[in-house]
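Taking it in order: structure first as structure tokens, then the write-up.
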Amino acid sequence: MNGFKKKAKNKSPFSSSTLSKWDRKYVWHPFTQMKEWEEETPLIIERGDGIYLYDIHGNKYLDGSSSIWVNLHGHRHRALDTAIQEQLGKIAHSTLLGAASPPSILLAKELVNISPKGLTRVFYSDDGATAVEVALKMAIQYWQQQSPPQKKKKAFVRLDAAYHGDTMGSMSVGGTARFHERFRPLLFSTIALDAPYCYRCPLALRFPSCRTACLDPLEDVLSRRHEQIAGVVIEPMVQAVAGMITQPPGYLSRVRTLCSQYNVLLIADEVATGFGRTGTMFACNHERVTPDLLCVAKGLTGGYLPLAATLTTERIYEAFLGEPEKTFFHGHSYTGNALGCAAALANLEIFKKEKTLARVRKQSMLLQALLKPLAELPIVGDVRHCGMMAGIELVKDKETREPFPLSERMGHKIATECRRHGLLIRPIGDIVVLVPPLAATERQLRKMSSILTKACRVACRTIPL
Ligand SMILES: *Cc1c(COP(=O)(O)O)cnc(C)c1O
């Protein structure tokens, strides 16, 4: 467990104030109101070590968001650093169009090995959004290439509040109103179903007596319209961006059963949940589910480089064999990038060497125990958790579950307080989100939870009662 290199000493030749000025002058940050950003001094991360990040002033922070859910084994892990350096000594990138490369071959084999049984083929891309685009296009073309062709099967079913990325196709199957609504006229239409948001159950029922009645509409729509439906797109076990909405037991396997029953493809977006994040290699493993298409990205390279993959079954792959027109005409310039694949191979190697999954299961129980007391606070409505993903939903009124007004920015206030004490987290509205790297030790998890708890307590004192 001592895979971390000693501190890098090479300092930036530019002063922190210069960098700070240039950032605000030249860089447009994602998901960021730049007017606010320009008014503040940006946090500039210069280096990382294990689960710590260091800014240009040398301040040290716990990486409580795993650098937005990508980092698994910590920063500057020796095995990952070495794998990338060794690959760099051979070649950084060569195309998969008309040529193959050792890292992309070996990684595909490894991915097939570790993924749910029945997934046999790997199609590479660069990001979560593109992995989803690939799955959607494969699904549509798959139905077109059946004999006889099933061209009517082109609709997708999706969940409310789903997030699958920011490109047009992935937004179409998304349901994050704030991000997607203004583009709705440009997006293809989908069949949206309620999310299994138990804390705010759309049916006002309770699990388990509800017997997951929120799935009845899925059965209903599949039985009536399966001839027009290409696939069901789902984030298995946890709808992450939606606010760490965890699905009740049996939900995912029921979705699988219904998809099979009505001959509709199941597309599992494991961009956030894949690679141990939920305590199993893939979230689908929790319910022994094999999707028809599996999308992975974020953790694939251990959080080092952008790389994504869409895995699928032999049945789907074979539908693309034959005449030239049957080709899957899709690809990106950096598809199967060698550095990314080398990092991903090293990532999977670490899982074995460091017995990552076993430790995540242990740490996940600890995390749950550590966060549980938060539920007692007057501003905490719900504490949700699956593996190393946790969401703490803040409410103005615990009884009625009334949220705070957006203008109150409670999530943001708590994150700011955490940062003052050395913990970086990124809230989603009023859901405080903690996603520690899988490598977090017991001590580090205790530290994170103690900073977070104190920040929530401070927030309790500042609210007008
Ligand atoms: C982050 C995320 C995506 C998008 O991935 P990018 O790499 O940011 O394009 C898609 N699906 C889920 C579930 C995600 O969490």
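The values are calculated or read from the model by the stated rules, or taken from the named source; none is laboratory data. Keep in mind the model is a prediction, meaning the values are calculated, not measured. Cβ placement follows ideal geometry from the backbone for every residue including glycine, while neighbour counts extend to all protein chains displayed. Surface areas here come from the heavy atoms of the whole protein model, side chains and all, with no ligands, DNA or RNA. Shrake-Rupley method; radii C 1.70, N 1.55, O 1.52, S 1.80 Å.
See the values below:
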item	result
Magnitude of the charge dipole, the chain, Cβ model with Lys/Arg +1 and Asp/Glu -1, debye to 20	1180
Packing-based ranking, highest mean first, of 440-453, 105-118 given that Cβ atoms within 10 Å are counted	440-453, 105-118
Span from the the stretch 74-126 Cα centroid across to the the stretch 393-456 one, whole angstrom	35
DSSP beta bridges in the chain [antiparallel fraction, %, rounded to 5]	70
Residue (of Leu218, Phe183, Tyr251) at the positive-pole extreme of the stretch 146-251, dipole from beta-carbon charges	Phe183
Under 5 Å, built H, 5+ apart or other chain: amide partners of Leu193	Arg158, Leu159, Asp160
The chain: calculated mean residue ellipticity at 222 nm from DSSP helix runs of at least 4, using -39500 (n - 2.57)	-10500 deg cm²/dmol
Descending Cα extents along the principal axes, the stretch 37-143, whole Å	53, 35, 28
Sequence-distant residues sharing a close amide H with Ile428 (under 5 Å, placed H)	Val433
Karplus-derived HN-Hα couplings along the stretch 382-388 (A = 6.51, B = -1.76, C = 1.60, θ = phi - 60°), whole Hz, x at Gly and Pro	8, 10, 10, 7, 8, x, 9
Net dipole in debye of the stretch 333-408 [+1 Lys, Arg Cβ; -1 Asp, Glu Cβ; about Cα centre; nearest 20]	580
Whether the chain is rounded, prolate or oblate, judged on the alpha carbon gyration tensor where a/c under 1.5 counts as rounded	oblate
List Thr416, Thr313, ordered by accessible area with a 1.4 Å probe, largest first	Thr416, Thr313
³J(HN,Hα) computed for each position of the stretch 106-115 - Karplus, 6.51 cos²θ - 1.76 cosθ + 1.60, integer Hz, glycine/proline x	5, 5, 4, 4, 5, 5, 4, 4, 8, 8
Lys152-Leu186 FRET efficiency (beta carbon distance; Förster radius 30 Å; 0.05 resolution)	0.85
Signed unit charges on C-beta, dipole axis of the chain, positive-most listed residue Ser407, Val233, Gln85	Gln85
Cα gyration tensor category, rounded, prolate or oblate, for the stretch 215-304 with a/c compared to 1.5	prolate
Global geometry of the stretch 376-465, whether rounded, prolate or oblate, following the gyration tensor of its Cα atoms and the 1.5 cut on a/c	prolate
Amide H within-cut-off set for Leu266, under 5 Å, with H built and near neighbours excluded	Val232, Asp292, Leu293
Under Karplus coefficients 6.51, -1.76 and 1.60, residue-wise ³J(HN,Hα) of the stretch 187-199 in Hz, glycine/proline x	8, 6, 7, 9, 9, 9, 10, 4, 7, x, 8, 4, 5
